[in-house]
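Below you will find the structure I want to go over with you.
The values are calculated or read from the model by the stated rules, or taken from the named source; none is laboratory data. These figures come from a predicted structure and were not determined experimentally. Positions of Cβ are generated from backbone atoms using ideal geometry, with glycine treated the same way; all protein chains shown enter the neighbour counts. Areas reflect the complete protein model, heavy atoms only, side chains present, ligands, DNA and RNA absent. Shrake-Rupley method; radii C 1.70, N 1.55, O 1.52, S 1.80 Å.
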Amino acid sequence: MDQERIFVLHKFIDGEAQNWFRRHVLHTNRDKQDWTFKEVLIGLYNHFVNAATMQEAHEAFRTAVYDARMGIQTFYEELIGHAQNMAVYLDEFTIWETFLDGILAEMHHALICDDNLSPEVNAVTEFL
């Protein structure tokens, strides 16, 4: 049954997915000789969908912008949400750095200088 499904799947993919399929599933010199239908789907997912999703999460994290209408809490939660969608979760310092660089300069100054807060010492909740 798996071989029939794999054969049918082959007819419904094209482009780079078709090339991957031929190299890894059909080619006589492939590393893995016997594929199940589930393994083929997971292989395609990991190679194409998962990689693209991780790149999109990284790009979304990098380009996130503070919006005064939404507030500082929402901005922080947006950064955390994007970080959680990455293949490798970012270290706390990178998240803090992006957060502090992303808020308004006046807010940054007020938190660091006026309120004497520091990412090395204070918890996130104190900044929010």
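List the helices (runs of 4 or more DSSP H) inside region 1-63, counting only whole elements, that have at least 2 residues being open to solvent by 90 Å² or more (accessible area, probe 1.4 Å) and basic (Lys, Arg). Lay out the reasoning, then the answer.
Values: elements: 2-11, 15-21, 37-44, 51-63.
Result: 2-11.
A follow-up question, please. Kindly check whether there is at least one residue in region 22-35 that is in contact (Cβ under 8 Å) with a residue 24 or more places away in the chain and more than 30 Å from GLN3 (Cα to Cα).
Within region 22-35, the first condition is being in contact (Cβ under 8 Å) with a residue 24 or more places away in the chain, and the residues that meet it are 35.
Of the ones still in play, those that are also more than 30 Å from GLN3 (Cα to Cα) are none.
Looking through region 22-35, none of the residues is in contact (Cβ under 8 Å) with a residue 24 or more places away in the chain and more than 30 Å from GLN3 (Cα to Cα).
Further, regarding this structure: Six or more apart or on different chains, Cβ under 6 Å: which pairs go from a residue in region 89-101 that's under 14 Å from SER118 (Cα atoms) to one that's outside any helix (DSSP H, G or I) and open to solvent by less than 40 Å² (accessible area, probe 1.4 Å)? Could you list them?
Going by the 6 Å Cβ cut-off, the qualifying pairs are TRP96/PRO119.
Condition check ((1) modelled with pLDDT of 85 or more; (2) acidic (Asp, Glu); (3) touching a helix residue (DSSP H, G or I) at 6+ places or on another chain (Cβ under 9 Å); (4) more than 30 Å from TYR45 (Cβ to Cβ)) across all residues:
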| residue | (1), (2), (3), (4) |
| --- | --- |
| THR74 | yes, no, no, yes |
| ALA83 | yes, no, yes, no |
| ILE103 | yes, no, yes, yes |
| MET107 | yes, no, yes, yes |
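Moving on. Within the set of pairs 6 or more residues apart or between chains, which connect a residue that is over 14 Å from PHE99 (Cβ atoms) inside region 58-70 to a residue that is aliphatic (A, V, I, L, M) and open to solvent by less than 50 Å² (accessible area, probe 1.4 Å) with Cβ atoms less than 7 Å apart?
That search, which allows pairs on different chains as well, returns HIS58/MET86.
Name the single residue, out of those in region 5-33 being touching a helix residue (DSSP H, G or I) at 6+ places or on another chain (Cβ under 9 Å) and among the acidic types (Asp, Glu), that is nearest to MET86 (Cα to Cα).
Here the answer is GLU16.
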